[in-house]
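**Student:** Structure below; questions to follow.
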Amino acid sequence: MKIAVVGTGYVGLVTGTCLAETGNQVICVDINEKKVKMMQEGQLPIYEPGLELLFTRNITQGRLHFTSNLAEALEESKIIFLALPTPPGGDGAADLSYVLGAAKDIAKLIKEYKVIVTKSTVPVGTADKITAVLQEHTDMEFAVVSNPEFLREGVAVEDFMKPDRIVIGTDDERARKLMGELYAPYVRQGNPIIYMDQRSSELTKYAANSFLATKISFMNEIANLCELVGADVDMIRRGIGSDDRIGRRFLFSGIGYGGSCFPKDVQALAKSAKENNYDFKILNAVMDVNDIQRTILVEKVKQYYQGNVKGKKFAIWGLAFKPETDDIREAPALYIIDELVKAGAIISAFDPEAMENVKNVVGDKITYTDNQYDALDGADALLILTEWSVFRTPDFDQLEAKLKAKVIFDGRNLYDIQKMIDCGYYYNSIGRKV
Ligand code: UGA
């Protein structure tokens, strides 16, 4: 099939590349000519494990193309994916100007029946808005389909190629058939394609992310309670996760959820509920808990130093909002760094992928080291903020030699508490006994 993908951000690139991988002819379009040129030369503008291999292969084999010319992209494409940004507007609601602007441009260019698919996370009713814009600017037949993505950064290729489910929201029979054919190679393992109406599909995406965020905030509150009653959140996680109705995944407590999706989507869903005169109480609590959890480690640090961290030097391991990404959007590390720097602390940080991004935002307020051990030189304590695999089994001899004091605040519960205590560490983690 011939496919156009409008927008070559994270979602657009993963979608375009993975659709080419099953034999489709895919043309990705972006207004940023410099970026298009870079991609035409085979350079991948984002970091995502496993994507580069597929990206290069599909370009080389002539299935994946790039252009800044929308007309060229639309010419032969039957299905047009919109993978455009929907940033939170000033009021917390998703800003649809990119999506609706693209719909208008597309309407003016199409000369035959097209299926226009929203891949970006968009509020309920967006498909209707797109339909209205298209109807205003074209007499051609078209269908608007909601097909939300459920890709996790870091494992997006796997999530796309072997999805748990595919949600397709449309009432148009022709579009339903085409979308079914397009996705058939991805559901070989029997995972379902779930067809529904557009509004249910749009809301499914927000409900999924908000439910997962709720699980996390719930576990973070359990962790906080564990510390007060002398219980261990790891045990609670195992104890409840083995119940199928609860499930093992997404029960890890830590320093709050971050990234470009959960914070934005929970906020947008709460806002959309409010607009519909519904007070979504759970979501408000989920956000409140996360706000507190993001800086809980700072509170622990301050408590340890009796409220005074001025002049203390802290090593930070991990800056990205989660491992296997260089993404620092809404990363707890940024909030923690901000609080500690404000309190007069000196910070030396290392992250395997996200250092450049942090430098652009935080600048020289902190120092950056080339490897994880250099960050420890003369530090009063180590703070672990992202659970990168390289931090899981560090060289403890180097740790001991370089740290000024054997003190670790672990926001990701990486080490065995008893082992740390036996090695003479003050080891404070989340929801476990100190
Ligand atoms: C999330 C969803 O998992 C995807 O299904 C969805 O498609 C995507 O948002 C999106 O809307 O585009 P992502 O933001 O890449 O994916 O990251 P996750 O792996 O879901 O992690 C989100 C945050 O939750 C991270 O800060 C992570 O540290 C935190 N988390 C996750 C926990 O604190 N505990 C857990 O048990 C799991």
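The values are calculated or read from the model by the stated rules, or taken from the named source; none is laboratory data. The shown structure was predicted, so the numbers you read here are calculated from the model rather than taken from an experiment. Quick reminder, even Gly has a Cβ in these numbers, built from the backbone with ideal geometry, and neighbours come from all protein chains shown.
**Student:** Please enumerate the residues belonging to region 233-267 that are touching a Gly at 6+ places or on another chain (Cβ under 7 Å) and either on the phi < 0 side of the Ramachandran plot or buried (at least 21 other Cβ atoms within 10 Å of the Cβ) (or both).
**Tutor:** Matches in region 233-267: 233, 241, 248, 251, 253, 254, 255, 267.
**Student:** Only residues that are assigned to a loop (DSSP other than H, G, I, E, B), within 13 Å of the ligand (Cβ to nearest atom) and in contact (Cβ under 8 Å) with a residue 24 or more places away in the chain: list them for region 129-156, please.
**Tutor:** Hits for region 129-156 are 147, 148, 149, 150, 151, 153, 154, 155.
**Student:** Okay, next question. When you look at residue 265, is it outside any loop (DSSP other than H, G, I, E, B) and either modelled with pLDDT under 95 or assigned by TED's automatic domain parsing to the domain that holds residue 403 (or both), yes or no?
**Tutor:** Yes.
**Student:** Residues being loosely packed, with under 14 Cβ neighbours inside 10 Å, part of a helix (DSSP H, G or I) and touching a residue at least 40 places away in the same chain (Cβ under 8 Å): count how many of those fall in region 13-58.
**Tutor:** Residues in region 13-58 being loosely packed, with under 14 Cβ neighbours inside 10 Å, part of a helix (DSSP H, G or I) and touching a residue at least 40 places away in the same chain (Cβ under 8 Å): 0 in total.
**Student:** Taking the condition of being within 19 Å of residue 79 (Cβ to Cβ) and in a helix (DSSP H, G or I), how many residues in region 166-204 meet it?
**Tutor:** Qualifying residue count, region 166-204: 17.
**Student:** Please verify whether residue 210 is under 21 Å from residue 263 (Cα atoms) and touching an Asp or Glu at 6+ places or on another chain (Cβ under 7 Å), treating the condition exactly as stated.
**Tutor:** In short, yes.
**Student:** I've got another one for you. Against the conditions (1) surrounded by fewer than 17 Cβ atoms within 10 Å (Cβ to Cβ); (2) assigned by TED's automatic domain parsing to the domain that holds residue 224; (3) in contact with a Gly (Cβ under 9 Å, 6 or more places away or on another chain), where does residue 278 fall short? Just the number, please.
**Tutor:** (3)
**Student:** In addition: Those residues that are within 24 Å of residue 180 (Cα to Cα) and of a type in the set (Val, Ile, Thr), I need them from region 21-59; list them, please.
**Tutor:** Result: 22, 26, 27, 29.
**Student:** Right, another one. Hey, can you tell me all the residues within region 315-326 that are buried (at least 24 other Cβ atoms within 10 Å of the Cβ) and either away from the ligand (no atom under 11 Å from the Cβ) or at pLDDT below 95 (or both)?
**Tutor:** Hits for region 315-326 are 315, 316, 317, 319, 325.
**Student:** For the condition within 12 Å of the ligand (Cβ to nearest atom) and in a helix (DSSP H, G or I), what is the one hit in 272, 253, 217? So that I can check it myself, show each step before the final result.
**Tutor:** Details: 272 fails: within 12 Å of the ligand (Cβ to nearest atom); 253 fails: in a helix (DSSP H, G or I).
Every option except 217 fails the conditions.
**Student:** Of the conditions (1) closer than 22 Å to residue 77 by Cβ; (2) among the small types (Gly, Ala, Ser); (3) surrounded by fewer than 22 Cβ atoms within 10 Å (Cβ to Cβ), residue 120 satisfies every one except a single condition; which number is it?
**Tutor:** Only one criterion is unmet by residue 120, namely (3).
To keep it simple, each residue is scored yes or no on (1) closer than 18 Å to residue 73 by Cβ; (2) small (Gly, Ala, Ser).
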| position | (1), (2) |
| --- | --- |
| 9 | yes, yes |
| 12 | yes, yes |
| 16 | yes, yes |
| 20 | yes, yes |
| 25 | yes, no |
| 34 | yes, no |
| 38 | yes, no |
| 46 | no, no |
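**Student:** Still on this structure, please answer the following. I'm trying to understand the selection: among the residues of region 172-198, which are buried (at least 16 other Cβ atoms within 10 Å of the Cβ) and in contact with an Asp or Glu (Cβ under 8 Å, 6 or more places away or on another chain)?
**Tutor:** Once the filter is applied, which keeps residues that are buried (at least 16 other Cβ atoms within 10 Å of the Cβ) and in contact with an Asp or Glu (Cβ under 8 Å, 6 or more places away or on another chain), region 172-198 yields only 198.
**Student:** Out of all the residues in region 302-317, which are part of a helix (DSSP H, G or I) and among the aromatic types (Phe, Trp, Tyr)?
**Tutor:** Going through region 302-317, the residues part of a helix (DSSP H, G or I) turn out to be 302-304.
Residue satisfying the conditions is 304 alone.
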